[in-house]
Ligand SMILES: [Zn+2]
């Protein structure tokens, strides 16, 4: 079986350990394991990264627009749309901003 030295981990691996390019069938560097490790590292680094000012501003702007639009729709429509947006936001938000969001809504509830 053909083997290939991975540019990521430097191991000599069978081509079955690599993803193959669709048209040519040529193994893609680095190997599957390295690509997975890189994707995981990327996800983790993004997960711990605090929101930038720009992202925070964008988030605030979106929430403001949601509230403005709510004037013209039923409470059900508003809730559905807000829930959809929050689901989307939770996918990208860092644990830090999630924690702050949770604190803010707790404060909001306490005020009644
Ligand atoms: Zn590798």
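State whether the residues of segment 8-20 include one that is outside any helix (DSSP H, G or I), away from the ligand (no atom under 16 Å from the Cβ) and surrounded by 11 or more Cβ atoms within 10 Å (Cβ to Cβ). Within segment 8-20, none of the residues are outside any helix (DSSP H, G or I), away from the ligand (no atom under 16 Å from the Cβ) and surrounded by 11 or more Cβ atoms within 10 Å (Cβ to Cβ).
For (1) within 11 Å of the chain's Cα centre (by Cα); (2) touching a residue at least 24 places away in the same chain (Cβ under 8 Å), each residue gets a yes or a no:
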residue: 28; (1), (2): no, no
residue: 34; (1), (2): no, yes
residue: 51; (1), (2): no, yes
residue: 64; (1), (2): no, no
residue: 71; (1), (2): no, no
residue: 81; (1), (2): no, no
residue: 84; (1), (2): no, no
residue: 94; (1), (2): yes, yes
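Quick one: would you say residue 109 is modelled with pLDDT of 85 or more and part of a helix (DSSP H, G or I)? In short, no. Here residue 61 meets the list (1) at pLDDT below 90; (2) part of a helix (DSSP H, G or I); (3) away from the ligand (no atom under 16 Å from the Cβ); (4) within 26 Å of residue 100 (Cβ to Cβ) almost entirely, failing just condition (1). Here the condition is being touching a strand residue (DSSP E or B) at 6+ places or on another chain (Cβ under 9 Å), surrounded by 10 or more Cβ atoms within 10 Å (Cβ to Cβ) and part of a helix (DSSP H, G or I); of 46, 33, it holds for 33 alone.
The values are calculated or read from the model by the stated rules, or taken from the named source; none is laboratory data. In this text the structure is predicted, and so the values were computed from the model without any measurement. When we count neighbours, we look across all protein chains shown, and the Cβ atoms used for this are built from the backbone with ideal geometry, even at glycine.
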